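Structure record follows, encoded as structure tokens.
The values are calculated or read from the model by the stated rules, or taken from the named source; none is laboratory data. Every value quoted in this text rests on a predicted model; they were computed, and no experiment measured them. As a convention, Cβ positions derive from the backbone with ideal geometry for all residues, glycine included, and neighbour counts pool all protein chains shown.
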Amino acid sequence: MQNFKVCLFLLLCFTSLLTQSCGVNPATGKQEFQLVSDKKEISLGEQNYPYGQQSSGGIFIHDADLTKYVQHVGQKLTKHCNRPTLPYEFKIVNHSIPNAWAMPGGKIVINRGLLIQLESEAELAAVLGHEITHAALRHGAQSMERGMLIMAGIVAADILMPDENKMQKKALLGGAALSATLLQTKYGRNAELEADHFGMDYMVKAGYDPAGAVHLQEMFLKMVDKKSPNWLEGLFASHPPSKERLTANQAYAKTLPKGFLGKEQFQQKIANLKKWDPAYKAFDDGLEALKDKKYTKAHELATKAINLFPDEGLFYQLRGAIYMQEKDYKPAIQAFTVSIAKNPNYFYPYQQRGYCYKKMQDYKNAKLDLDKSQKLLPLEETKLALDTL
């Protein structure tokens with residue numbers, strides 16, 4: 001009888017939630033279930049955008065002209081999207097894995113590693129148009145709403161399940177929480193097809209050739225066939241490509257007018273990335289060598305990267321990380337200090353230097369560094385280190 005009353009109460013609450021949480025999709029004009037308001041959506045994006053940048057490698061600071069170029073292309077597209085009044089932002093983050101993502105409210109990022117793989121401004125417009133669509137059509141907010149419904153189901157299960165089933169309850173809670181996480185981090189088939197379709201509309205209205213979107217999907221499928229690990233753990237983890245998407249893009253492109261491709265202009269804009277690419281390749285190889293505990297090789301690759309591009313703080317981080325694993329904390333601190341001087345707004349060298357100071361029992365400096373790291377990117381592991389000083 002008690003369970004029946006609880007079920008009835010939950011049903012009434014859920015019915016009330018459904019009837020009071022409807023809104024209009026900005027692209028289709030259709031009524032849809034909405035738990036996250038526009039104001040909340042924008043607020044969530046603004047709060048988490050800096051943390052997303054930090055956890056993705058930090059802002060790429062070495063080519064202001066390239067950043068302005070990406071922002072210019074992005075803003076050209078937003079003028080033609082279904083929600084042009086969102087506070088759109090476009091940043092480049094300093095990571096070699098090809099990726100791009102959009103947070104709710106129009107906060108968009110493209111990785112250095114994806115930019116260097118593109119061939120034209122139209123392809124860049126296709127990437128950004130796709131991400132703009134995810135924001136404009138509330139795909140991120142919809143994922144959050146699905147997660148909220150799943151969590152509501154978890155609460156109901158927690159209330160209804162008898163205490164003697166504690167082991168089953170723990171398994172259910174863990175599985176449901178994992179499902180909620182997956183729903184919020186991987187776009188489904190319909191969302192990807194929508195993002196392709198509307199993104200092509202935006203880029204054509206902005207004057208770009210829809211062939212850029214087709215070329216992009218062709219490249220993605222080639223990378224899938226090659227089973228390239230960087231792509232699989234980056235862009236493809238949240239934006240799964242498919243022959244269906246390529247076919248849809250090819251068919252839709254035939255109905256659209258041709259426009260600007262911008263191959264030469266784009267290649268000029270990424271000239272610095274291409275010049276610095278051997279240094280980043282040495283850095284990435286050095287990380288792999290460090291992971292395999294091949295310290296001599298890792299040192300050689302860190303030195304190679306630094307010699308090729310001495311202004312990049314990531315390379316000194318690698319050197320510091322190698323010294324840390326060798327338990328040689330003084331030179332590790334020196335390397336992280338140089339890294340901070342190169343880029344004082346990235347959390348990682350502060351965190352790692354803080355760990356080094358803690359190992360050397362210099363708790364004052366450890367706290368200063370760990371506090372700074374925590375302000376840039378709050379992490380449980382950093383908090384634990386602070387709590388144990």
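Within the bounds of segment 314-333, is there any residue that is among the charged types (D, E, K, R) and closer than 21 Å to residue 55 by Cα? Checking segment 314-333: at least one residue is among the charged types (D, E, K, R) and closer than 21 Å to residue 55 by Cα.
When both residues are 6+ apart or on different chains and their Cβ atoms are under 8 Å apart, which pairs have a first residue that lies in segment 36-64 and is at positive phi, and a second that is of a type in the set (A, V, I, L, M, F, W, C) and crowded, with 17+ Cβ neighbours inside 10 Å? Listed by first residue and then by second, the contacts come to 57/93; 57/314; 58/93; 58/347. Considering segment 310-389, there are no qualifying helices (runs of 4 or more DSSP H) wholly inside with 3 or more residues that are touching a Pro at 6+ places or on another chain (Cβ under 6 Å), in the same structural domain as residue 291 (by TED's automatic domain parsing) and not aliphatic (A, V, I, L, M). Is it the case that residue 268 is more than 23 Å from the chain's Cα centre (by Cα), closer than 30 Å to residue 217 by Cα, without any contact (Cβ under 8 Å) to a residue 12 or more places away in the chain and not in a loop (DSSP other than H, G, I, E, B)? Yes; evaluated as a whole, the condition is true for this residue. How many of the residues making up segment 324-337 are within 29 Å of the chain's Cα centre (by Cα) and of a type in the set (Phe, Trp, Tyr)? Final tally of qualifying residues: 1. Selection within segment 120-142: residues that are at pLDDT below 95 and of a type in the set (S, T, N, Q). The member of this set that is surrounded by the most Cβ atoms within 10 Å (Cβ to Cβ) is 133. Kindly establish whether residue 355 is of a type outside the set (S, T, N, Q), buried (at least 19 other Cβ atoms within 10 Å of the Cβ) and touching an Asp or Glu at 6+ places or on another chain (Cβ under 9 Å). Answer is yes for this residue. Taking the criterion of being touching a residue at least 40 places away in the same chain (Cβ under 8 Å) and of a type in the set (Phe, Trp, Tyr), the residues of segment 336-389 that qualify are 346, 347, 348. If you go through segment 64-103 and keep only what is over 20 Å from the mean Cα position of the chain (by Cα) and of a type in the set (Asp, Glu), you end up with just 65. Scan segment 295-306 and tell me whether some residue there is closer than 21 Å to residue 365 by Cα and modelled with pLDDT of 95 or more. No, because not a single residue in segment 295-306 is closer than 21 Å to residue 365 by Cα and modelled with pLDDT of 95 or more.
Residues in segment 65-90 that are without any contact (Cβ under 8 Å) to a residue 40 or more places away in the chain, touching a helix residue (DSSP H, G or I) at 6+ places or on another chain (Cβ under 8 Å) and not hydrophobic (A, V, I, L, M, F, W, C): 84 only. Please determine, by comparing only the residues of segment 71-86 that are among the hydrophobic types (A, V, I, L, M, F, W, C) and under 20 Å from residue 44 (Cβ atoms), which one is surrounded by the fewest Cβ atoms within 10 Å (Cβ to Cβ). This residue is 86.
Of all the listed residues (61, 92), the sole one being at pLDDT 90 or above and assigned to a strand (DSSP E or B) is 92. Taking the listed residues 314, 290, the one that is within 21 Å of residue 111 (Cα to Cα), buried (at least 20 other Cβ atoms within 10 Å of the Cβ) and not polar (S, T, N, Q) is 314, with no other qualifying.
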